[in-house]
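In what follows, a structure is listed as structure tokens, so that the remarks can point back to it.
The values are calculated or read from the model by the stated rules, or taken from the named source; none is laboratory data. Because the structure is predicted, anything quoted here is derived from the model rather than measured. Here Cβ is always computed from backbone atoms with ideal geometry, including for glycine, and neighbour counts include all displayed protein chains.
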Amino acid sequence: MALQLGEYQPCDAESESDMTPAVNIVHQSGITHALHEYAHDPSRKSYGLEAAQQLGVLEERVFKTLVVKLDATELVVAIIPVARTLSMKLMARVAGAKKAVMAAKAEVERSTGYVLGGVSPLGQRKRLRTFIHASAKQHGTVFVSGGRRGLEIELHAADLGRLTDGVFAELVALNAA
């Protein structure tokens with residue numbers, strides 16, 4: 001069940017089903033959070049936009065998790081609003097690399113332990129350096145994948161930053177929509 005905008009309630013551990021590593025992380029951390037489940041439509045191409053629509057929240061508050069390869073060697077995580085496009089030039093610059101490209105599906109799934117469309121920035125198999133788009137700080141709470149399609153975790157951006165050791169930065173070009 002989706003919360004109305006402006007409402008924010010802590011998650012009830014008794015009602016949590018199908019725990020994922022991401023859900024376990026937020027629950028064990030003791031931070032205030034809420035879980036939101038919805039019926040995922042397998043025909044949808046944009047999982048993040050589907051989440052925003054299904055939950056009835058602004059697209060700007062729902063963030064997708066992308067895995068990027070820097071200089072053909074290091075994998076890092078970029079967390080950006082679902083309706084925006086990651087700027088590879090900005091990503092490389094912020095991460096101190098010369099070049100950034102999207103990681104291959106197999107690398108993403110092997111490194112994170114999640115399938116595409118359900119990649120959470122939390123509870124990944126291998127901890128990767130994480131960068132969070134600065135706009136996350138503009139919202140009371142943000143939504144990120146709970147580790148499977150149809151499951152979102154709502155939490156404060158500052159808590160997301162702490163749990164991921166994330167660096168807040170500009171990651172999307174101003175004209176990228």
Filter the range 77-95 down to the residues that are within 16 Å of residue 144 (Cβ to Cβ) and among the aliphatic types (A, V, I, L, M) and list them by number. 77, 78, 79, 80, 82, 83, 86
Exactly one of 78, 83, 134, 92 is more than 27 Å from residue 36 (Cβ to Cβ) and among the hydrophobic types (A, V, I, L, M, F, W, C), and that residue is 92
Out of curiosity, is residue 111 part of a loop (DSSP other than H, G, I, E, B) and not aliphatic (A, V, I, L, M)? no
Restricting attention to the range 97-113, the residues that are without any contact (Cβ under 8 Å) to a residue 40 or more places away in the chain and either farther than 12 Å from residue 69 by Cα or polar (S, T, N, Q) (or both) number exactly 3
Within the range 31-61, which residues are assigned to a loop (DSSP other than H, G, I, E, B), among the hydrophobic types (A, V, I, L, M, F, W, C) and at pLDDT 90 or above? 31, 57, 58
Count - residues of the range 70-81 that are out of contact with any Asp or Glu (no Cβ under 7 Å at 6 or more places or on another chain) and either β-branched (Val, Ile, Thr) or in a strand (DSSP E or B) (or both): 8
Residue 120 vs. criteria hydroxyl-bearing (Ser, Thr, Tyr), at pLDDT 95 or above and surrounded by 22 or more Cβ atoms within 10 Å (Cβ to Cβ): yes
Considering only residues of the range 129-147 that are part of a loop (DSSP other than H, G, I, E, B) and buried (at least 19 other Cβ atoms within 10 Å of the Cβ), which is farthest from the chain's Cα centre (by Cα)? 141
Note on the range 137-175: residues touching a strand residue (DSSP E or B) at 6+ places or on another chain (Cβ under 8 Å) and more than 21 Å from residue 37 (Cβ to Cβ) are 137, 157, 161, 164, 165, 166, 167, 168, 169, 170, 171, 172
Within the range 82-108, restricting attention to residues that are among the hydrophobic types (A, V, I, L, M, F, W, C) and assigned to a helix (DSSP H, G or I), which residue is surrounded by the fewest Cβ atoms within 10 Å (Cβ to Cβ)? 106
